[in-house]
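Asks: Below you'll find the structure I mean.
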Amino acid sequence: MYTLSGLTQKEFENITNELKASKFRARQIHNWIYLKSVSSIDEMTDLSVKFREELKKVAKVSDTKIKVKQVSSDGTIKYLLEYPDGECVETVLMRFDNRANLTACVSSQVGCAVNCSFCATGKRGFIRNLTYKEIIEQVLTIQRDTGLKVTNVVFMGQGEPLLNLDNVLKAMEIFNEDFQIGARRLTVSTSGIIPQINKLAELDMQSTLAISLHAPNHNIRKQLMQIEDKYNMTNLKKALKNYVDKTGRRITIEYLLIKDLNDTIDSAKELAQYLHDIKCNINLIPYNPTAENDYQRPSNNSIMKFKYLLEHSGKKVTVRLERGADIDAACGQLRGKID
Ligand code: SAH
Ligand code: SF4
């Protein structure tokens, strides 16, 4: 039995060949899956009833279940999805009132091996990689469930995308070619896996690279992210400069702000110094509470002060809007299970 979600045009053609139908039918099925996101073969109304019956004998649309769906007061929707082997991940859809953008925040792994001290996902440890089909199925599920077309995808859900790079790259290719989402509307966020950043630099992609830096120096980063022992900020900087040189693209630096830990004036100055020769925008993420630790979110006043100091150094700085915190859908709150 084929699962149509996740197949490429070539694979649709193999199925239509098998059923002795034309290539044009393959294109129609393709569009029903990726652009119109139907839930059943019966909804593919420009296929004859007879052909639909034949198709139903060999194929189904999807094999992923929505286990839980939560809607936040700000319109953010969080899904807990279950794959056929019983493993679950979360996927979040964010709408921004003032924009037509619909952004899907997708997971790339079940759990995560990087184990950052502030992150709920890391606490589960690493369970397994998602296949590219499982990654794109997250966006298809959102589209099927809401009837809306996703316009942007960020790999900022559970998992470290660069430790599952082949599947992530294949999923990005499908988002680009089959979903027709422009490469610039795709963002991969990483905790800083240097060899894979170098690999992305070679591929010279148009998508955005976001780096979870979160600290102005080695000592603070080490407290937050064990990965600093393996891929430290000095070497990371070389990789980032190489990436900018090779691609010409501006990087996004993500900086989690935790009260009294990395939100001081000294930290802002040190961060500005570290970033002064890297072509980047900075996205400040006020810490979202998770049950696993007792870090605190800084006051709005210190967030604004930190922002001002960085702006003063000539960078473009944004503060990430908190989305869906009332349903634990905000950054770092995804754990991929029901409590
Ligand atoms: N593993 C990748 C992709 C996940 S992105 C990475 O870490 O970049 C998830 C983003 O949310 C990262 O920038 C992460 O640092 C941030 N995050 C994790 N825990 C958080 C928390 N408790 N509050 C706010 N942001 C958090
Ligand atoms: Fe993994 Fe990213 Fe969470 Fe760190 S922040 S544990 S890299 S998902």
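Asks: Keeping all protein chains in place, calculate the accessible area per residue for segment 99-141 (probe 1.4 angstrom), answer in Å².
Replies: 29 Å²
Asks: Right, another one. Taking Lys69 as the anchor, which aspartates and glutamates have their alpha carbon closer than 17 Å to its alpha carbon, excluding any fewer than eight residues away along the same chain?
Replies: Partners found: Glu82, Glu87, Glu90, Glu137, Asp145, Asp326, Asp328, Asp339.
Asks: Quick one: Karplus J couplings for segment 188-205, per residue in order, coefficients 6.51, -1.76, 1.60, θ = phi - 60°, nearest Hz, x for Gly and Pro?
Replies: After applying 6.51 cos²θ - 1.76 cosθ + 1.60, I find 10, 10, 9, 6, x, 8, 4, x, 6, 5, 5, 5, 4, 4, 5, 6, 6, 8 Hz.
Asks: Please figure out what share of the DSSP beta bridges in the chain is antiparallel and state it in percent, rounded to the nearest 5.
Replies: 40 percent
Asks: Using only the Cα atoms of the chain, what are the Rg and Dmax in Å?
Replies: Cα-based Rg and Dmax for the chain come out at 21.1, 71 Å.
Asks: So, one more: Show me, for segment 62-67, the HN-Hα J-couplings you get by feeding each phi into the Karplus relation (A = 6.51, B = -1.76, C = 1.60, θ = phi - 60°), rounded to Hz, glycine and proline as x.
Replies: 8, 10, 10, 10, 7, 8
Asks: Also, I was wondering about something else. Cα-Cα over 19 Å: which of Lys36/Lys149; Lys269/Lys305; Lys50/Lys149; Lys237/Lys279?
Replies: In this structure, Lys50/Lys149 exceed 19 Å between Cα atoms.
Asks: Under a plain spin-label model, where a point goes 7 Å from the Cα along Cα-to-Cβ, how far apart in nm are Asn300 and Asp245?
Replies: So the two model labels end up 4.4 nm from each other.
Asks: With a point put 7 Å past each Cα toward its Cβ, work out how far Lys222 is from Lys36 in nm, to one decimal.
Replies: Distance between the two pseudo-spin positions: 5.9 nm.
Asks: Between Ala325 and His312, 0.36 nm times their residue separation minus their Cα-Cα distance comes to what? Before the final figure, lay out each step's value.
Replies: Details: separation 13, 0.36 × 13 = 4.68 nm, distance 3.03 nm.
Length difference between fully extended and current span is 1.6 nm.
Asks: Taking all protein chains in place and a 1.4 Å probe, what share, in percent, of the accessible surface of the chain do carbon and sulfur account for?
Replies: Answer for the chain is 49 percent, counting heavy atoms of protein chains only.
Asks: Still on this structure: Only sites in a loop by DSSP and with at most 12 other Cβ atoms within 10 Å count here; which trypsin sites (Lys or Arg not before Pro) in segment 35-115 make the cut?
Replies: Sparse-neighbourhood loop trypsin sites (Lys or Arg not before Pro): Arg99.
Asks: Treating only the Cβ of Lys, Arg, Asp and Glu as charged (+1, +1, -1, -1), what charge dipole size does the chain show about its Cα centre? Round to the nearest 20 debye. Don't skip to the answer; put the middle values down first.
Replies: Details: 48 positive and 41 negative charges, 127 e Å.
Result for the chain is approximately 620 debye, rounded to the nearest 20.
The values are calculated or read from the model by the stated rules, or taken from the named source; none is laboratory data. It should be emphasised that the depicted structure is a prediction, and the values quoted were computed from it without experimental measurement. Note that we place each Cβ from the backbone using ideal geometry, even for glycine, and neighbour counts take in every protein chain shown. Protein only, heavy atoms only, side chains kept; ligands, DNA and RNA dropped before computing areas. Shrake-Rupley method; radii C 1.70, N 1.55, O 1.52, S 1.80 Å.
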